[in-house]
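Participant: What follows is a single structure, and I will ask about it in a moment.
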Amino acid sequence: ALAPPVQPRRSEAMKPSKLYLLWYNGVCGAGWGFCLQKTVQALLAGQSAKDAYMQMGDVLVAVQTAMLLEILHSLLGLVPSPVITVMIQVSSRIFIIWGHTHWVPACQAHWSIFMMVLSWSITEVVRYTFYFLALLGNVPYPVFWLRYSLFMVLYPTGITGEILQTFVGMGAHWKMANPFWYRLSLVIMLLYVPAGPGMIANMCGNRRRSFKKRNGAKEEPQGVVWPKTKSGDRSSTSTNRAILAAAAAAQGEKGDEASKRVLGEKNWRFGYSKHIREHVVQCLQSEKACLDMARAGLEAAQTMFTFIREGQTEMPIKEAMQKLADPEFFETAEFRGDAPAPERRELAVCYGGGLGHPYYKFKKQRGNKITGLDLRRQLDQWVEYGTMEADVADALKTVQLNQDSWLDLSDMYFVLLGAASAMGPLEFLLGHGANVIAVAR
C-alpha cells in the first residue's frame, strides 16, 4: 500500500526557533530605539555627551553585547548570514563598547559618542524592524529601502565615531594603564583601513542583489511548478524534503523515524546528503522496500507539485493530468535545424579549470572546451583527484577514439523529459544531429 504523502511542515511561524527570532529582533529593536530616543533628546536639549551616555549607556552596552548571539544564530543555521561576516561586524562593535567606551569616562564624555550611537541606533532600529517583518512574511518597501540604503551614510559616520572613540580611549587611559591593550588597539585600528571599505562594498553588493530580487519580474510560471510555501515563494527545499520524508515513511516504524529526521534537518542545504545515503541504503534492503519507497515518493510528488495553465486554477499535477486531458491544454511543435553537419566530429567537454577549487571562481572560463590530448589528460586528473570513476573516464576515451562515427547521431531518437533543464543533454544531442522528442513545460 502507498504511504500517505507527507505534507510540508507547518508554517514557520509555529516553530520555536521562529518565535525566538521574533522575540530577539523585537527586544533588540526596542533597545536600540531607546538609545536613539535618548540620544536625540540629549542633542535637542543641548546636553553633553556625558549626560547622554548616563541616560542610555547601560542599555547601549546590553543591546550591543546581545549581538554576540547573532554569531550563534549563524552557526546554528537559524539565519542564513555568513558566519565570518557576522563575526567581523559584531566583534568590532564589542571591541569598541567593551574595550573603550564602557571603561573610559573620557570616551563617554567625548562628542564622538553622539556620532557613533546615532549611526548604530538608526542602523539597528531599521535592521531589526526589517528582520522582524521579514519573519512575518511582509516587508513594506520603505523599510526595505532604508535597510539597503542608509548604510551609505551611516556606515562611514559610524566607523568614524568608532575610530574616534578608540583614539580617545587609547590616549586618555590605555597608554598608561595597559600598554598591551594600547598597542592591540592600534593594530585593530590599522585593520579598519581595509575592513571599513570592505564592509561598505559588501553592503553595496547586498543592496544590488536585494533590489534586483525584489524588483524582478514576478510573472507566474506555466506548466509544472514548485508548490508555494506559506510565505508565498516557490521553494524547492521544502518540497524536496517533504517528498524524501514521504518515501522514507513507507518503511513502517523505522521509516517514520527516518522521515522525522528528514523533516527535522535544520541545515538542509549542507545536511541533505546523509538522508539521501540513508534512503539508498533502505532501498537496497529488498525489492519490495525499493518499490514501496519509490511509489510513496512519486505519490507525494504528484500531490505536491502543481500545474498552471492560463485561465485555469492552480491544481496538483495529479489532478491536472485527469482534468486537463484535452489536447487544447498542450502544444506540439517541430523544429528542424538547417546548419550543415561538421566536416570532423570531435568530443568536447566544457571545463573552466581549477581542479580542487570552487567552480564559482572560474565563471568566465566555464565556456572553455577541451578536446583531444588535453581532454585525455584532464580525464586522468579527474580520476586521480576522485572527481570521476576510472570506468567513466575509460568510456569517454573510447567515445573519443570512435568520435567520427559514434558522434553522428542523425539516425538516433531520444526522448527527454524536462528537456529544458539546465543540466540536461539537449544542447549536446542537438549539436551532434540527434532527433529529440522533448517534453517540457
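The values are calculated or read from the model by the stated rules, or taken from the named source; none is laboratory data. Small disclaimer: the values here were computed from a predicted structure and weren't measured. Reconstructed Cβ throughout: ideal geometry from the backbone, glycine too, with neighbour counts over all protein chains shown. Accessible surface areas use protein heavy atoms only, side chains included; no ligands, DNA or RNA. Shrake-Rupley method; radii C 1.70, N 1.55, O 1.52, S 1.80 Å.
Participant: What distance in nm separates the two pseudo spin-label positions at A420 and S149, each 7 Å out from Cα along the beta-carbon direction?
Facilitator: It works out to 3.5 nm between the two label points.
Participant: Would you kindly work out the equivalent ellipsoid of the chain from its C-alpha gyration tensor and give its semi-axes, the square roots of five times the eigenvalues, largest first in whole Å?
Facilitator: 55, 30, 23
Participant: Work out, step by step, the length gained on full extension between A333 and W103: first 0.36 nm times the residue separation, then minus their alpha carbon distance; give nm to one decimal. Don't jump to the answer; show the numbers that get you there.
Facilitator: On the way: separation 230, 0.36 × 230 = 82.80 nm, distance 7.58 nm.
Length gained, A333 through W103: 75.2 nm.
Participant: For the chain, which DSSP H helices look membrane-span-like by this rule: Cα extent along the axis of 30 Å or more and mean Kyte-Doolittle of at least 0.0?
Facilitator: Those that pass (Cα extent of 30 Å or more, hydropathy at least 0.0) are 16-44, 112-136.
Participant: Could you pull out the longest piece of the chain with no exposed loop GluC sites (Glu not before Pro) in it, calling a site exposed if DSSP puts it outside H, G, I, E, B and it has at most 12 other Cβ atoms within 10 Å?
Facilitator: Longest stretch, sites excluded: 1-218.
Participant: Using 0.36 nm per residue of separation minus the Cα-Cα distance, give me the extension gain between V349 and K323 in nm, one decimal.
Facilitator: Extra length from V349 to K323 when fully extended: 5.0 nm.
Participant: Counting each DSSP H run of 4 or more residues in the chain as -39500 (n - 2.57), what helix-only mean residue ellipticity at 222 nm follows after dividing by all residues, to the nearest 500 deg cm²/dmol? Please report the intermediate quantities before stating the final value.
Facilitator: Details: 18 runs with 266 residues, N = 441.
Calculated from helices alone, the mean residue ellipticity at 222 nm is -19500 deg cm²/dmol.
Participant: Give me the percent of accessible area attributable to carbon and sulfur for the chain, probe 1.4 angstrom. If you can, show how the numbers build up before the last one.
Facilitator: Details: 16410 of 27090 Å².
C and S atoms contribute 61 percent here.
Participant: How far apart, in nanometres, would the label points at K288 and Q37 be if each is projected 7 angstrom from Cα along the Cα-to-Cβ direction?
Facilitator: Output for this residue pair reads 6.8 nm.
Participant: Here is a follow-up. Past 26 Å, Cα to Cα: identify those pairs from K266/K318; K38/K175; K228/K254; K212/K364; K213/K364, in the order given.
Facilitator: Checking Cα-Cα distances, K266/K318; K38/K175; K228/K254 exceed 26 Å.
Participant: Next question, about the same structure. Name the residue, out of A393, A242, A250, whose mean-square fluctuation peaks in a Gaussian network model built on the chain with Cα pairs under 10 Å.
Facilitator: A393
Participant: Continuing with the same structure: Rounded to the nearest 0.05, what FRET efficiency is calculated for A341 and E253 with R0 set to 56 Å and r the Cβ-Cβ distance?
Facilitator: Calculated value: 0.40.
Participant: Determine, from the Cβ-Cβ distance of L22 and Y272 and an R0 of 22 Å, the FRET efficiency 1/(1 + (r/R0)^6), rounded to the nearest 0.05. The partial results should precede the final answer.
Facilitator: Numbers: r = 27 Å, r/R0 = 1.22.
In this case the efficiency is close to 0.25.
Participant: Still on this structure, I have one more. Full-extension gain between C204 and D404, please, as 0.36 nm times their residue separation minus the C-alpha to C-alpha distance.
Facilitator: Fully extending the segment from C204 to D404 adds 66.9 nm.
Participant: Let me ask something additional. Farthest toward the dipole's positive end in the stretch 196-340, which of M199, F335, L263, given Cβ charges of +1 (Lys, Arg) and -1 (Asp, Glu) about the Cα centre?
Facilitator: M199
Participant: Here is a follow-up. Spin-label point model (7 Å from Cα, Cβ direction): what's the Y385 to K15 distance in nm?
Facilitator: Label-label distance for Y385 and K15, simple model: 3.4 nm.
Participant: Now, a different point. What does the convex hull of the Cα atoms come to per residue for the stretch 293-440, in Å³?
Facilitator: Numbers: hull volume 29.8 nm³, N = 148.
Per-residue hull volume (Cα only) is 202 Å³.
Participant: Can you work out the PRE-style zone for L191? Point 7 Å along Cα to Cβ, and I want the residues of the stretch 77-102 with backbone N under 18 Å.
Facilitator: 82-101
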